[in-house]
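This report refers to the structure that appears directly beneath it.
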Amino acid sequence: MKSVVGIMVGSDSDLPLIQETTQVLEELDIPFEISIASAHRTPDRVAEYASTASDRGIQVIIAAAGAAAHLPGVIASRTLLPVIGVPVDSGPLGGVDALYSIVQMPSGVPVAAMAVGRAGARNAGIFAAQILALTEPRIAKRLADYRRQMAESVESKADRLAQTGLTRYIEEKSKSSN
Ligand code: RP5
C-alpha cells in the first residue's frame, strides 16, 4: 500500500521515541514511510524530502526532533501539507528547548505542536489519522473504535478499583508492570 504519512526524525537517536507513532499508525492500519534528516546537518536532504512529499502521495508529515528542533518548521516551509511536530525529550533541557522551537512558529507557517515525549509521539499518529479520516471513512471508523476501547479500559479500571480497594489495586498494578 502507498504511504500516506511521512515520518521524519532529526537523528537516529529519535527512533525509539518515534516507535510510539509508528505503533499507533500500524494499529490503525495507515501506511507510512520513515526516514532521517537533520535541519542543521543535512538541510538539502530536508528540503528535497519536504518539496517532493506531496508528489509521492504523502498527505500528512510528522517530524520529530530534539534540542534546537527546527526540523518540523523547516519542512513546513517547503510544503503545503500539514506538518505535525513532536518535541523529543533528549538533551540537557529535557525537551523544553524542542517544545519552544516547534511551538513558536512565525505567523504564516504553522506546525501542529504535540506534547513533549511519548504522549506527543503517540498523539502525532492519532492526529495524523484524524486528518486522514476527514476523507477516509474506514480510518474514521477505526478512530471511533480506538476511542471506545480507551473508554472501556477506564471503566473496567474504575470497576476493579471499586472491588479491590486502593491498596490492593496499587499492589496489583505495580506487580503487573514489573
Ligand atoms: C536533534 O538533536 C535530533 O533530533 C536529536 O533529538 C538531537 C540529538 O541528536 P544526536 O546528536 O543524538 O544525533 O537534532
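Each listed q (0.09, 0.10, 0.14 Å⁻¹) maps to a log10 I(q)/I(0) for the chain, found by the Debye formula over equal Cα scatterers with no solvent: -0.37, -0.44, -0.76. Put a dot 7 Å past the Cα of ARG56, heading toward its Cβ, do the same for SER107, and the two dots end up 3.4 nm apart. The angle between the Cα long axis of helix 15-27 and the main principal axis of the chain comes to about 70°, on a 0 to 90 degree scale. Pairs of lysines 8 or more apart, or on different chains, with alpha carbons under 26 Å: count those in the chain, would you? Lysine pairs, 8 or more places apart or on different chains, close enough: 4. Length gained on full extension, GLN163 to ALA151: 2.5 nm, using 0.36 nm per residue less the C-alpha separation. Find the centroid of the Cα atoms in the range 1-31 and in the range 50-125, then give the distance between the two in whole Å. Cα centroid of the range 1-31 versus Cα centroid of the range 50-125: 13 Å apart. Across ILE34, ILE75, ILE18, mean-square fluctuation computed from a Gaussian network of the chain (C-alpha pairs under 10 Å connected) peaks at ILE34.
Please work out whether the range 93-171 counts as rounded, prolate or oblate from its C-alpha gyration tensor, where a ≥ b ≥ c are the square roots of the eigenvalues and a/c under 1.5 means rounded, while otherwise a/b larger than b/c means prolate and anything else oblate? All intermediate terms of the calculation are to be shown ahead of the outcome.
On the way: a/c = 4.58, a/b = 1.47, b/c = 3.12.
It comes out oblate by the Cα gyration axes.
Rounded to the nearest 20 debye, the dipole magnitude of the range 14-110 is 380 debye, with +1 charges on Lys and Arg beta carbons, -1 on Asp and Glu beta carbons, and the Cα centre as origin. What the phi angles of the range 46-52 give under the Karplus curve with 6.51, -1.76 and 1.60, with θ = phi - 60°, is a coupling list of 4, 4, 4, 4, 5, 7, 10 Hz, glycine and proline written as x. Give the percent of DSSP beta bridges with both residues in the range 1-154 that are antiparallel, rounded to the nearest 5. Roughly 0 percent of the beta bridges in the range 1-154 run antiparallel, per DSSP. Divide the volume of the convex hull around the Cα atoms of the range 48-114 by the residue count and you get 69 Å³ per residue.
Values in this text are rule-based calculations from the coordinates and carry no lab data. No experiment lies behind these values; they were computed from the predicted model shown. Reconstructed Cβ throughout: ideal geometry from the backbone, glycine too, with neighbour counts over all protein chains shown.
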